[in-house]
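Visitor: Shown below is the structure under consideration.
Laboratory data are not the source of any read-out in this text; all were calculated from the coordinates shown. Here the structure is a predicted model, which means the values were calculated and not measured. Note: ideal-geometry Cβ built from the backbone for every residue, glycine included; neighbour counts use all protein chains shown.
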Amino acid sequence: MAAARDLRATETTEPGGGDAIELAKRHLIQPWPYAGSVGAEARALIGEGDGIYITDNTGKRLIDGPAGMWCVNVGHRREELAKVMYDQAMALSYNTPWYTMNAPSAELAMRIAGHAPGDLSHVFYTTGGSSAVETALRFMQFYNNVRGRPEKKLILSRGGAYHGSTYLSASLNGRPRDRDWMDGADELVIKLSSPDPFRRPQGMSLAAFTDFLVEQFRDTVARVGADRIGAFVGEPVQASGGVVVPPDGYLGRIREICRDNDILYVSDEVVTGFGRLGHVFASGDVFGIDPDMITFAKGVTSGYFPLGGVIISERLLEELRRSNHPDAMFGHGLTYTSHPVGCAVALKNLDLLEESVLAHTQAVAPYFQAQLKTLEELPLVGEVRGVGLMGCVECVADRESKDPLQLDKDVGKRIDAHCHELGLLVRPLINMCVMSPPLIITREQIDDMVAILREGISRTMDDLRREGVWQG
């Protein structure tokens with residue numbers, strides 16, 4: 001059976017021959033391509049998944065270190081989710097959300113609201129994280145237009161942030177390589193400093209760094225004017241920025257400034273939601289904040305079906321209902337809003353999380369963090385950081401300067417290549433390796449993952465020394 005499944009991963013799908021790799025090179029445009037290879041590129045071909053493992057087209061079994069893309073939270077090949085997908089598709093595969101609705105979407109909205117902090121009690125569904133953030137921002141614009149404040153539209157974001165790939169959501173991104181060759185709505189966005197303790201100025205205490213971030217936020221509001229700023233959008237943990245965990249108390253203090261200045265606080269939980277930190281949402285249960293909106297996607301269906309959404313405060317909706325413009329229309333929606341199959345899968349996924357996966361994550365996360373931390377023994381590693389089942393290994397040329405630029409810029413890819421050979425897929429980010437495995441991972445599997453990562457980093461150190469790139 002295994003041989004047959006491996007064959008299916010590369011079998012011909014086009015008359016005249018050619019396996020999936022060749023077909024990709026001829027016809028498939030990959031996401032985030034370089035101009036020199038766009039439309040002519042093939043990437044690692046994955047044939048199947050099972051639990052925390054995936055199998056590539058050569059038959060090599062790999063630990064799925066990134067859980068797909070932060071999303072396969074309950075693991076691959078969960079029959080419960082596959083069955084629900086089939087059953088719902090056979091009952092109702094689609095309905096137009098413009099003038100009809102379906103039962104799974106209403107039940108899921110109720111259950112999501114039950115886990116959300118504060119008065120976040122209403123859900124608008126999207127197809128993923130980018131469209132969820134886009135929806136939150138368009139809602140902010142609509143909200144302020146209805147309330148007679150058309151000038152209150154600017155958005156505060158931060159360095160290191162990642163919020164999506166649609167035009168407005170991508171405009172918030174704070175990683176330079178995301179915007180080097182792309183346009184954005186720069187006139188609407190103000191970027192603040194990343195809350196990255198590892199990159200704080202040398203000699204500055206953590207408390208002083210936190211004060212600096214808060215005062216920068218407060219000064220920006222005062223300088224620009226609260227009457228012009230509509231929203232702050234922030235990830236509780238900056239995921240694609242390198243698993244940046246903010247200093248204690250920082251998010252709560254930012255929340256207070258937003259509340260005092262009538263600035264909507266949008267907590268982007270596309271990554272941290274649905275179990276990644278051991279709770280359905282991290283905003284309240286981990287960081288003690290009650291945002292005005294929470295965006296979610298990825299883990300809501302464990303990646304089995306594209307679904308995302310925004311949870312919106314009852315207060316905001318009540319203010320709209322009381323406004324002098326009852327006929328004002330929120331002219332926003334998607335063909336696949338409230339998709340019945342996606343919502344049915346999300347309901348079963350939430351069952352699995354509530355039954356055992358959240359508790360397991362809370363139990364195993366401290367061990368995951370402790371084992372990853374042992375990698376700081378390696379001289380190439382500047383810092384290991386993380387929370388829940390999110391972790392990042394940041395490599396530096398030397399620990400005193402924390403300079404990553406003297407290293408080969410593809411050091412993360414070098415480590416990933418070695419780890420792939422050894423049986424682990426990691427998420428390389430220039431000089432960093434990010435790990436966010438399926439939440440069902442066991443202690444023994446964590447040991448395997450960390451042992452492979454240690455060997456992959458060690459082999460990379462040998463490569464860099466041999467090539468004269470690094471002398472550590």
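Visitor: Explain nothing, just compute: Karplus ³J(HN,Hα) = 6.51 cos²θ - 1.76 cosθ + 1.60, θ = phi - 60°, for every residue of region 427-436 in order, whole Hz, x for Gly and Pro.
Guide: 3J(HN,Hα) across region 427-436, in whole Hz: 9, x, 10, 6, 9, 10, 10, 9, 10, 8.
Visitor: Tell me, what is the FRET efficiency for Glu467 and Arg443 to the nearest 0.05, using R0 = 35 angstrom and their Cβ-Cβ distance as r?
Guide: 0.45
Visitor: Taking 0.36 nm per residue of separation and subtracting the Cα-Cα distance, what length does fully extending Glu354 through Arg399 add?
Guide: 12.0 nm
Visitor: What does the C-alpha gyration tensor say about the overall shape of the chain? Classify as rounded when a/c is under 1.5, otherwise prolate if a/b is larger than b/c, or oblate. Don't skip to the answer; put the middle values down first.
Guide: Details: a/c = 1.66, a/b = 1.17, b/c = 1.42.
Verdict is oblate for the chain.
Visitor: Give the residue from Trp32, Val396, Cys71 lying farthest towards the positive end of the charge dipole for the chain; charges sit on Cβ (+1 for Lys and Arg, -1 for Asp and Glu) and the dipole is referred to the Cα centre.
Guide: Farthest towards the positive end: Trp32.
Visitor: For the chain, what is the charge dipole size about the Cα centre, in debye to the nearest 20, if Lys and Arg each add +1 at the Cβ and Asp and Glu each add -1 at the Cβ?
Guide: That gives the chain a dipole magnitude of about 520 debye.
Visitor: Between Arg228 and Met101, with labels modelled 7 Å along Cα→Cβ, what's the label distance in nm to one decimal, could you check?
Guide: That separation, rounded to one decimal, is 4.0 nm.
Visitor: Next question, about the same structure. Please report the equivalent ellipsoid semi-axes of region 107-223, computed as sqrt(5 x eigenvalue) of the Cα gyration tensor, largest first, in whole Å.
Guide: Equivalent ellipsoid semi-axes, largest first: 28, 19, 17 Å.
Visitor: In deg cm²/dmol, rounded to 500, what helix-only [θ] at 222 nm does the chain give when every DSSP H run of at least 4 residues adds -39500 (n - 2.57) and the total is split over its residues?
Guide: Details: 16 runs with 179 residues, N = 472.
Only helices count here, giving -11500 deg cm²/dmol.
Visitor: Hey, got the dipole for region 215-266? About the Cα centre, +1 on K and R Cβ, -1 on D and E Cβ, debye to the nearest 20?
Guide: The calculation lands at about 60 debye.
Visitor: Related question: Using packing as a proxy for protection, rank 249-259, 217-227 so that the peptide with the highest average count of other Cβ atoms within 10 Å comes first.
Guide: Result, highest mean Cβ count within 10 Å first: 249-259, 217-227.
Visitor: I'd like to know which of Phe142, Ser436, Thr100 lies farthest towards the positive end of the charge dipole of the chain, counting +1 on Cβ of Lys and Arg and -1 on Cβ of Asp and Glu.
Guide: The listed residue farthest towards the positive side: Phe142.
Visitor: Let me ask you something else. Cα centroid distance between region 321-361 and region 100-172, in Å?
Guide: Between the Cα centres of region 321-361 and region 100-172 lies a distance of 11 Å.
Visitor: What's the magnitude of the charge dipole for region 80-352 around its Cα centre, counting Lys and Arg as +1 and Asp and Glu as -1 at the beta-carbon? Answer in Debye, nearest 20.
Guide: Working: 26 positive and 31 negative charges, 56 e Å.
Charge dipole of region 80-352: 260 debye, to the nearest 20.
Visitor: Ranking request for peptides 459-468, 27-36, 278-287: highest mean number of other beta-carbon atoms within 10 Å first, then the rest in descending order.
Guide: So the order, starting with the most tightly packed, is 278-287, 459-468, 27-36.
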